[in-house]
Amino acid sequence: MKKVILAAALLVAGVSVANAEGYNRVAVSYDHTNLSFNKDAASFLDADGSETAGLNGFGLNYIHGFGVAENMFVETGANVDFLFGNKSFKESEDGDWWEDKYKFQNINIQVPVNFVYRFNLTEGVSLDPYIGLNFKLHLTEKYKNEFSDSDGDK
């Protein structure tokens, strides 16, 4: 397997010298991640029995495409996602109530490595199907819990 990867890398490097056309792409994105919890995390259970919390945020994206042949590219770059969310649960029983509040923060970095073939449709418009790998690293993931009840406990 290592020999195949090395041969492919040498082939890409050799062809990219022959055809040095490339491109850069910068973007800002809206990101949503849904967290789900197993049954052992009973405090996360909603009244309907689901164990989920949604995080919303944004991403900063940079991709560079290296030309390897006519209409063929190898892409790599970085995506950094910043996600935030909260969830609260309120329950009452016999006049007593309690509330759990959770705040989530999640920061990830992703490094894609893709092979792209470009189909030019018109001037400035193309269809770019790709296949590749996406390496992901969670830089930080935090959550904070606040509990309060009718007795004034926190």
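The values are calculated or read from the model by the stated rules, or taken from the named source; none is laboratory data. These figures come from a predicted structure and were not determined experimentally. Cβ atoms come from the backbone with ideal geometry, glycine included; neighbour counts cover every protein chain shown. To get the accessible areas, we keep the full protein, side chains included, count just its heavy atoms, and leave off ligands, DNA and RNA. Shrake-Rupley method; radii C 1.70, N 1.55, O 1.52, S 1.80 Å.
Pairs linking a residue in region 79-108 that is closer than 14 Å to Lys142 by Cβ to a residue that is β-branched (Val, Ile, Thr), with Cβ atoms under 6 Å and 6 or more positions apart or on different chains, are Phe82/Ile107; Leu83/Thr33; Ile107/Thr140.
Here the condition is being farther than 21 Å from Tyr143 by Cα, at pLDDT 75 or above and touching a helix residue (DSSP H, G or I) at 6+ places or on another chain (Cβ under 6 Å); of Val74, Val26, it holds for Val74 alone. For region 70-99, the tally of residues that are out of contact with any Leu (no Cβ under 6 Å at 6 or more places or on another chain) and either open to solvent by less than 30 Å² (accessible area, probe 1.4 Å) or closer than 23 Å to Gly132 by Cβ (or both) stands at 13.
With a requirement of 2 or more residues that are out of contact with any Pro (no Cβ under 9 Å at 6 or more places or on another chain) and closer than 23 Å to Leu35 by Cβ, the strands (runs of 3 or more DSSP E) lying completely within region 69-154 that satisfy it span 72-93, 96-117, 130-149.
The residues of region 91-123 that are of a type in the set (Lys, Arg) and within 16 Å of Tyr23 (Cβ to Cβ) amount to a single one, Arg118.
Considering (1) in contact (Cβ under 8 Å) with a residue 40 or more places away in the chain; (2) under 17 Å from Asn71 (Cα atoms), the lone condition that Asp149 does not fulfil carries the number (2).
Look through region 48-69, keep the residues that are closer than 30 Å to Phe147 by Cα and loosely packed, with under 15 Cβ neighbours inside 10 Å, and return whichever of them is modelled with the highest pLDDT. The residue in question is Phe58. The set of residues in region 110-154 being within 27 Å of Phe84 (Cβ to Cβ) and open to solvent by less than 50 Å² (accessible area, probe 1.4 Å) consists of Gln110, Pro112, Thr140, Ser148, Asp149.
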